[in-house]
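In what follows, a single structure is set out as structure tokens and then discussed.
A short reminder: the numbers here are calculations on the coordinates, not readings from a lab. Computed from a predicted structure; not experimentally measured. Methodologically, a virtual Cβ is constructed for each residue, glycine included, from the backbone with ideal geometry; neighbour enumeration extends over all protein chains shown.
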Amino acid sequence: MLQRLEIQNIAIIDRVEIELGEGLNVLTGETGAGKSIIIDSINAILGERMSKELIRTGRDKAVVEAVFNVNTDRLSDLFERFGIEGEEDGSLIISREFSASGKNICRINGRIATVSMLKELGERLIDIHGQHDNQSLLRTESHIELLDSFAESKISSLKEEYLKHLESYREIKNKLKKLSGDAGERERKIDILRFQIDEIKKARLKVGEEEEIEKQRNILLNSERIISTLSNAYEALGSGGKLDISALDKINKSVSDFCNIEDYDEKYSALKKRLEAVSYELEDIVSEIRDLRDSIEFEPSVLEELEERLDVLYRLKKKYGDSIEGILEYQENAKKELDEIVNNEEIINKLKDDLEKEDEELYKLAKKINGERIKTAELLESRIGSELQDLEMKNTRFKVNIEFDDSVNDGERKYNNNGLDRVEFLISTNAGEPLKPLSKIASGGEMSRIMLAIKTILANVDKMPTMIFDEIDIGISGIAAQKVGEKLCFISKNHQVISVTHLAQIACMADNNYYIEKVTKDGNTETIVKSLNEEDKRNEIARIIGGAKISDIALKHAEEMLDYAKEFKKAKSNG
């Protein structure tokens, strides 16, 4: 759960620290006090895109830091991939700093991270539901995902297998399309491939030859210097040349002189042997120098041949790969492609057989998925119907309409990532009215309650530790508002819930209340957050009921609401 949130320099917030607790946390305050800024700050921690316009006027950067207490086992795969060490006490610290220049610095448990890493982690930590999320209910394409999420692993495991076959199915279709293309294009492709294969073949490439050619080329280009160096060394060490005597002759003379004194002391004998060893080694060196010198002949024609070969290799690398290995790999791939095109009739027939098999497997899996969705839809209809009854939508009928489209067009079925089903939520909010799409009849308040009903049901199967509801109470009041508060209280039994609200019916159900206030200090406007005690809580609920001027009647009403909330929570905990 989210334990602490620290915000610096965002919009009208200078610096705010909020200690959040378990259960239902409710944030209230006047419109424009900064409640939405707090939600924006949490979104920043979750890796959402942040505008530099949010940085407080006169500041260079903004910082958000959140401390969570988490089940490290549930996040172990992400920790391992991100190279993050989980803390023994389950604490997780995420921070994000963004500057006016657009630079982001993100950290997870002190380690530098990316925004995308925050987003992946955030998807396991917090689910934020706001007014705009009701719009997902108006998008028919989102209904199938909501239905499948209620089914847990039953449908997801089938979809995983289905998607593997769908990928194979699409690959085969692409190959068939490629092989069954325009005849003229096919011939042009054959000509190009044959030319490329022949050009590489004629080059008679050898792995490592470029390095060897470069080495020979450098020797020839520097042959004068090399020969001069070797000749000078040979004269100095072996032949004597213009010198009176060579180094080898001098060493041999010393060996001969030591022969005359070696019997006088073993040290002289040892020195003679060492000089003999030097003499033998130097003879080998002199011989090798002579051979190397005599082997080097500067032939302009040889250098020209090497230059031409390097030019061939350069042109081939420019066209087919950045190395000889890459060129040869390109040649092999070109041969395979040419073979496929030339012998495409046989290959096409094989691919058609494979496509038919994949089609059969996909259809079987799509039917199984459809069967699971039908069973899940019946449960979801029943559960949502009960929840809507509790939320004062007593005459409402909710229906999950599933259409299995196995029609064939141009010899193919319309497989997509979700199978062959089209799912749409239908509703009738008044007795006697027919079922219609949500977008046709649901008001904003009804949409909020329908989404809350879905969230309440999914809370039982959802492992999300923290759920945030940002002003989902728009368009509701009275008993309906009371029921929304009770639902949030119910969800908070197994999840940490944070709710931003303007309704007293929700605020009175809170385990922890926070008042968001906009104040002016030294000519500057800023937001402060105050954790409310029992008396503060009563006064805040009275303010919501009666406005800025708190009357005795409003206070009395607030006390009654708080007493009811205590009794409700007590009954639920006992039940």
Rounded to the nearest 10 degrees, the helix 209-221 long axis (Cα) sits at an angle to the longest Cα principal axis of the chain of 50
Less than 27 Å apart at the alpha-carbon level, and either on another chain or at least 8 residues along: which lysines does that give for Lys215?
Lys201, Lys202, Lys206, Lys317, Lys318, Lys319
Between Glu30 and Glu53, what FRET efficiency follows from the Cβ-Cβ distance if R0 is 35 Å, with the result rounded to 0.05?
0.95
How many nm is it between the label spots at Asn494 and Ser99, if each spot is 7 Å from the Cα in line with the beta carbon?
4.6
Against the rule of thumb 2.2 N^0.38 Å, how large the Cα Rg of the stretch 209-332 comes out
1.75
Under 15 Å from the 7 Å Cα→Cβ point of Leu179, by amide nitrogen: which residues of the stretch 328-357?
336-357
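Once fully extended, how much extra length lies between Lys364 and Glu120, figured as 0.36 nm per residue of separation less the alpha-carbon to alpha-carbon distance? It would help to have the intermediate numbers written out before the result.
On the way: separation 244, 0.36 × 244 = 87.84 nm, distance 3.33 nm.
Length gained, Lys364 through Glu120: 84.5 nm.
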Measure nothing fancy, just the Cα-based angle from helix 153-179's long axis to the longest principal axis of the chain, in degrees from 0 to 90, nearest 10.
50
I'd like the orientation of helix 266-295 relative to the chain: the angle between its Cα long axis and the longest Cα principal axis, in ° from 0 to 90, rounded to 10.
80
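Taking Cα pairs under 8 Å and at least six residues apart, what relative contact order does the chain come out at, in percent? Walk me through the numbers before you get to the answer.
Values: 795 pairs, mean separation 124.7, N = 575.
Once normalised by length, the contact order is 22 percent.
If packing is taken as the average count of other Cβ atoms within 10 Å, what order do 187-196, 403-412 fall into, highest mean first? Display every interim value, and only then the final one.
Values: 187-196: 13.7, 403-412: 9.8.
In decreasing order of mean packing, 187-196, 403-412 become 187-196, 403-412.
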At q = 0.10, 0.12, 0.18 Å⁻¹, base-10 log of I(q)/I(0) for the stretch 33-136 (Debye sum, equal scatterers on each alpha carbon)
-0.30, -0.43, -0.90
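Determine the sum of side-chain charges near Asp311: Lys and Arg each +1, Asp and Glu each -1, restricted to other residues whose C-beta is under 12 angstrom from that of Asp311. Before the final figure, lay out each step's value.
Values: positive: Arg217, Arg309, Arg315, Lys317, Lys318; negative: Glu210, Glu304, Glu305, Glu307, Glu308.
Net local charge, Asp311 excluded: 0.
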Virtual spin-label span in nm between Ser153 and Asn395, 7 Å along Cα→Cβ:
4.5
Cut-off under 21 Å on the C-alpha distance; same-chain residues fewer than 8 positions from Lys177 excluded. Which lysines are left, in chain and number order?
Lys164, Lys189, Lys335, Lys336, Lys350, Lys352, Lys357, Lys414
Report, in deg cm²/dmol and to the nearest 500, the calculated mean residue ellipticity at 222 nm for the chain, where each DSSP H run with n ≥ 4 adds -39500 (n - 2.57) and the sum is divided by the residue count.
-18500 deg cm²/dmol
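For Arg186 and Leu310, compute 0.36 nm times the residue count separating them, minus their Cα-Cα distance, and round to one decimal in nm. Could the numbers behind the result be given before it?
Values: separation 124, 0.36 × 124 = 44.64 nm, distance 3.37 nm.
Gain in length upon complete extension: 41.3 nm.
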Expressed in nm to one decimal, what extension gain is obtained for the pair Leu292 and Tyr280 from 0.36 nm per residue of sequence separation less their Cα-Cα distance?
2.5 nm
Would you indicate which of (i) 26.0, 84; (ii) 23.2, 72; (iii) 40.8, 133 is the value of Rg and Dmax of the Cα atoms in Å derived from the coordinates of this structure?
(iii)
Can you give me the relative contact order of the stretch 374-493 as a percent, contacts being Cα pairs under 8 Å and 6 or more apart?
24
Packing-ranked peptide list from 24-35, 506-517, 68-79, highest mean Cβ count within 10 angstrom first, is 506-517, 24-35, 68-79
Within the stretch 1-37, find all residues whose amide N lies under 18 Å from a label point positioned 7 Å from the Cα of Glu517 along Cα-to-beta-carbon.
12-19, 26-36
What percent does the relative contact order of the stretch 209-332 come to when contacts are Cα pairs within less than 8 Å and at least six residues apart?
27
When you count, for each residue, the other Cβ atoms within 10 Å and take the mean per peptide, how do 3-10, 87-94 rank with the highest first?
3-10, 87-94
Please enumerate, by chain and number, the aspartates and glutamates with C-alpha under 14 Å from the C-alpha of Lys440, excluding those fewer than 8 residues away in the same chain.
Glu424
